[in-house]
């Protein structure tokens, strides 16, 4: 599955790299995420932005097996309250 936003270059890349005439084995391109209504990937893009901001300020984040991203993932899922979850953490929700 290839999940993107609506930027045109992603569609071009999808057609170039993933498209096949055979229906079986074809990679699915998802532009809009449907959970309970039409949504987009803004939440994921925001998380990616936070990680990129953190990467700029830290040395060594580009190395394999660095514990920083795992720590951030734990913080994000177990300790950080989310507005979209009415102030609950992901774990509580």
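In the stretch 23-38, the residue that is modelled with the lowest pLDDT out of those that are farther than 17 Å from residue 12 by Cα and assigned to a loop (DSSP other than H, G, I, E, B) is 35. Could you list all residues from the stretch 50-81 that are at pLDDT 80 or above and assigned to a loop (DSSP other than H, G, I, E, B)? Of everything in the stretch 50-81, those that are at pLDDT 80 or above and assigned to a loop (DSSP other than H, G, I, E, B) turn out to be 80, 81. Residue pairs whose Cβ atoms lie under 8 Å apart, separated by 6 or more positions or on different chains, with the first residue in the stretch 64-77 and farther than 12 Å from residue 47 by Cβ and the second at pLDDT below 80 and surrounded by 12 or more Cβ atoms within 10 Å (Cβ to Cβ), are 68/54; 68/61. Counting only residues that are part of a helix (DSSP H, G or I) and without any contact (Cβ under 8 Å) to a residue 24 or more places away in the chain, how many does the stretch 82-93 have? Going through the stretch 82-93 one residue at a time, the tally reaches 2.
The values are calculated or read from the model by the stated rules, or taken from the named source; none is laboratory data. Here the structure is a predicted model, which is why all the values come from computation and not from measurement. All Cβ positions, even for glycine, are placed from backbone atoms using ideal geometry, and neighbour counts span all protein chains on display.
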